[in-house]
Amino acid sequence: MTDLGRELAAFGTSAVSDALDIAGVPGTLWGAARQSGTGVVVGPAFTVTFEPVAEGERAAAADYIDDVPPGSVVVLSNDGPHCTVWGDILAEVAVAKGIAGTVIDGYCRDVDGIRALDYSVWARGAFMRSGKNRVRKVATQQPVTIGAEGDRITVRPGDLVTADGSGVVVVPAHLVAEVVDTVTRVAEMEAKVLTDVRAGVPLRVARANHGYNDVARRTTAVTP
């Protein structure tokens with residue numbers, strides 16, 4: 001993990017989401033809930049895309065896990081039939097390789113076994129039906145567009161994935177430094193507000209004193 005990644009890991013996804021709002025950039029993944037693991041996971045995205053196969057067509061299990069660098073977060077795009085593309089064997093290999101976690105735009109199987117490994121997975125839910133002969137891998141390390149209809153985001157290889165119990169946020173690689181700066185700035189302000197509130201200052205007064213609403217203003221121009 002980079003130094004900036006370590007800094008971002010000190011904050012939860014809510015703070016990162018707020019920083020992306022300030023930047024005017026979408027990055028929250030709707031529908032992905034934590035299925036296993038604990039704590040905050042941060043790492044660069046390693047993307048994999050699946051597509052449905054025709055009925056009766058054979059498709060082998062996808063082999064890509066050996067190519068995933070340690071510290072990465074695997075991002076799987078499987079917005080097709082109701083079947084799974086991640087299970088306990090992949091999770092065990094991921095643990096051995098030091099992969100940080102897995103985010104699935106789709107479903108995960110073998111959840112009990114994965115929880116026993118304490119490996120972090122986010123998905124739409126748990127389901128046992130295999131993806132073998134239902135979907136095939138069509139690309140790795142290419143941009144993927146994932147999420148619910150009307151609220152989709154594009155994830156590019158190397159974008160920084162941040163995930164915890166509240167869900168998944170993806171920070172474009174070129175905005176990581178700015179997001180870290182914004183999150184730090186907002187956290188410092190909120191700490192001052194909490195200190196005042198705990199001392200008996202009314203919340204509206206504490207917010208006004210420390211510029212709670214003003215801090216939401218972007219300080220730099222958007223970089224395409």
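Where a number appears in this text, it was derived from the coordinates with a stated rule and is not lab data. What you are looking at is a predicted structure, and each value in this text was computed from that prediction instead of being measured. Here the Cβ positions follow ideal geometry from the backbone for every residue, glycine too, while neighbour counts run over all protein chains shown.
Go ahead and estimate [θ] at 222 nm for the chain from helices alone: -39,500 (n - 2.57) per DSSP H run with n ≥ 4, summed, over the residue count, rounded to 500.
For the chain, the value works out to -8500 deg cm²/dmol.
Between Val201 and Ser166, what FRET efficiency follows from the Cβ-Cβ distance if R0 is 35 Å, with the result rounded to 0.05? Here the calculated transfer efficiency is 0.80.
Close amide H contacts of Gln35 (hydrogens built in the peptide plane, cut-off under 5 Å, sequence separation of 5 or more or a different chain): Val121, Trp122, Ala123. Between Gly131 and Thr84, the built amide H atoms are under 5 Å apart, and every one of these is 5 or more places off in sequence or on another chain. What share of the DSSP beta bridges in region 26-171 is antiparallel, in percent to the nearest 5? If I count the DSSP bridges inside region 26-171, around 60 percent turn out antiparallel.
About its Cα centre, region 26-171 has a charge dipole of approximately 120 debye under the convention of +1 per Lys or Arg Cβ and -1 per Asp or Glu Cβ, with nothing else charged.
Exposure proxy check: Cys83, Cys108 ranked by fewest other beta carbons within 10 Å?
Ordered by Cβ neighbours within 10 Å, fewest first: Cys83, Cys108.
May I ask for the equivalent-ellipsoid semi-axes of region 90-145, computed as the square root of five times each C-alpha gyration tensor eigenvalue and listed largest first in whole Å? Working shown, then result.
Values: eigenvalues 73, 49, 25 Å².
So the three semi-axes of region 90-145 are 19, 16, 11 Å.
Computed FRET efficiency, Cβ-Cβ of Ala96 and Ala148, R0 22 Å: what is it to the nearest 0.05? E(calc), rounded to 0.05, equals 0.10. Among the DSSP helices (H) of the chain, those spanning at least 18 angstrom by Cα along their long axis with an average Kyte-Doolittle hydropathy of 0.0 or more are 176-198; this is a geometric and hydropathy rule only.
Give, in nm to one decimal, the length gained when the segment between Arg115 and Ser130 is fully stretched (0.36 nm per residue of separation minus the Cα-Cα distance).
Numbers: separation 15, 0.36 × 15 = 5.40 nm, distance 1.87 nm.
Contour length minus the Cα-Cα distance gives 3.5 nm.
Normalised by 2.2 N^0.38 Å, where N counts its residues, the alpha-carbon radius of gyration of region 1-81 equals 1.39.
Kindly write out, for region 100-111 in residue order, the coupling ³J(HN,Hα) from the Karplus curve 6.51 cos²θ - 1.76 cosθ + 1.60 (θ = phi - 60°), rounded to whole Hz, with x marking Gly and Pro. Along region 100-111, the couplings run 6, x, 9, 10, 10, 7, x, 10, 10, 10, 6, 4 Hz.
Take every pair of alpha-carbon atoms less than 8 Å apart whose residues are at least six positions apart; their mean separation over the length of the chain yields a relative contact order of 29 percent.
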